[in-house]
Each structure stands twice: as C-alpha cells, then as structure tokens.
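Chemist: Quick one: the structure is below, and I'll ask about it shortly.
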Amino acid sequence: MHQLIYFSRNTMSGDLLKGLKEILGVSQRNNQRDGVTGSLIFDKVWFLQILEGNLEIIQATYKRIEKDSRHREATVMTVRPLIQRQFPDWGMGGLLRSPDVQEIFLSHGIGGEMDPRKLHAATVVDLALDLKAFDQRKRSDICKAS
Ligand code: FAD
C-alpha cells in the first residue's frame, strides 16, 4: 500500500464547480474499479490530490492524470509506503475551498492564497483529513435536519 501526493495548477475556466464534479465523477468510477482511494482539494487555482492504493496502480493513475489538459505543472510531493489507508471510504472525495472552510485552512497555516510549493506533504494529509471530517459533519447535520 502506497500514497502519492501531488499538486497541479488549474487550467479550467467557466463553471469550475461543474468542472470539478466532472473530474470527480470519472475519478470515483475509475478509482473504485482500481482500488484507489484518496482526496482532491481544489481552491480554484491549485489542485492537491492524495492517491492511495497499490504502488503500480497509483503510478499508472497519476500518469493518466498528469496528461489531462484541465491542469498543468503536476508536481509529485511524495510517494510513500502506508500501513493502512488514510481515506479508506473515499474513492475520491472532492473538497472545494469555500468560505465556510477558511478556518480549517487557517489552522494549517494557509491564510491567504495557497502556495502548494511551500506545503509539506504531511500538511496536505492533515488538511484533507480535517476537511473530510468537516464535510461529514455537514452531511450528517443535513440528514438530521431533514
Ligand atoms: P473517459 O471516459 O475517456 O473520459 C471521461 C470524461 O472526462 C469524458 O466525458 C471527457 O469529456 C472528460 N475528459 C477527459 N479528459 C478531459 C480533458 N482533458 N478535458 C476535458 N474533459 C475531459 N482520473 C482517475 O481515474 N482518478 C483520479 O483520481 C483522477 N483525478 C484527477 C484529478 C485532476 C486534478 C484531474 C484534472 C483529472 C483527474 N482524473 C482522474 C481524470 C484523468 O485525468 C482522466 O481524464 C481519466 O482518468 C480518464 O479516464 P477514462 O479514460 O475512464 O475517461
């Protein structure tokens, strides 16, 4: 089991939420098939993605992703062995940087514009885990309210 973390620069314009949803739709389908889990953080300028699974499979997935014209400058931050998955139930969870999660970014030292070139891979994982917990709390509050 390995984890690959990279960042890249968005090249999409127009409806970015729609663009992200399209990426996530294909990713979830392919990743479920390939036993890949992880998380995709998008702040409209940068993508940060964590891919977890069999080493050869996540490398092949990354090779496919880096050719995608919806982003450029894909740069691997780390490829490391994992004892167990950190995002076991996420075929690919999408996390958009929106005003309601600014405090979470701030708690990881990201106040203004994010510059992934200055981030450590460990910070990306901690940020993604906190954003995932926030997302899950929000979903459970919506379920309770309805
Ligand atoms: P296809 O069925 O061939 O294409 C799926 C759909 O995506 C098509 O409808 C097509 O219109 C659209 N599409 C494909 N490429 C482009 C493009 N360059 N511009 C606009 N639309 C396009 N794929 C994964 O499998 N797992 C991931 O975790 C993953 N993460 C990604 C993260 C980012 C930031 C980006 C930009 C892409 C990611 N992708 C991921 C998508 C990946 O780059 C490939 O597009 C995808 O894996 C192709 O799979 P497919 O051959 O099954 O898709």
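The values are calculated or read from the model by the stated rules, or taken from the named source; none is laboratory data. Values in this document were obtained by computation on a predicted structure and should not be read as measured data. With ideal geometry, Cβ positions are generated from the backbone for all residues, glycine too; neighbour counts draw on all protein chains shown. For the accessible areas, the whole protein counts, side chains as well, though only heavy atoms, and no ligand, DNA or RNA atoms are used. Shrake-Rupley method; radii C 1.70, N 1.55, O 1.52, S 1.80 Å.
Chemist: Using only the alpha-carbon atoms, what does the range 38-92 span along each of its principal axes? Please give whole angstrom values in decreasing order.
Modeler: The Cα atoms of the range 38-92 stretch 31, 22, 18 Å along their principal axes.
Chemist: I'd like the accessible area for residue 17, computed on protein heavy atoms only with a 1.4 Å probe and all protein chains in place. Round to 10 Å², please.
Modeler: About 80 Å², rounded to the nearest 10.
Chemist: Over the C-alpha atoms of the range 23-146, what are the Rg and the largest Cα-to-Cα span, Dmax, in Å?
Modeler: For the range 23-146, the Cα radius of gyration and maximum Cα-Cα distance read 14.6, 43 Å.
Chemist: While we're here: Are there any helices in the chain, counted as whole DSSP H runs, that stretch 20 Å or more along their axis by Cα and score at least -1.0 on average by Kyte-Doolittle, and if so which?
Modeler: 16-34, 121-145
Chemist: Okay, next question. Testing the spin-label approximation: label points 7 Å from Cα along Cα→Cβ at residue 18 and residue 129. State their distance in nm.
Modeler: About 3.7 nm separates the two model spin labels.
Chemist: Quickly estimate the mean residue ellipticity at 222 nm for the chain, helices only: each DSSP H run with n ≥ 4 gives -39500 (n - 2.57), and the total goes over all residues, rounded to 500.
Modeler: Only helices count here, giving -14000 deg cm²/dmol.
Chemist: If a/c stays under 1.5 just call it rounded; otherwise compare a/b with b/c (prolate if a/b is bigger, oblate if not). Do that for the range 1-70, with a ≥ b ≥ c from the square roots of the Cα gyration tensor eigenvalues.
Modeler: Verdict is prolate for the range 1-70.
Chemist: Highest mean first, what order results for 109-116, 92-99 on Cβ atoms within 10 Å?
Modeler: Top of the packing list down: 92-99, 109-116.
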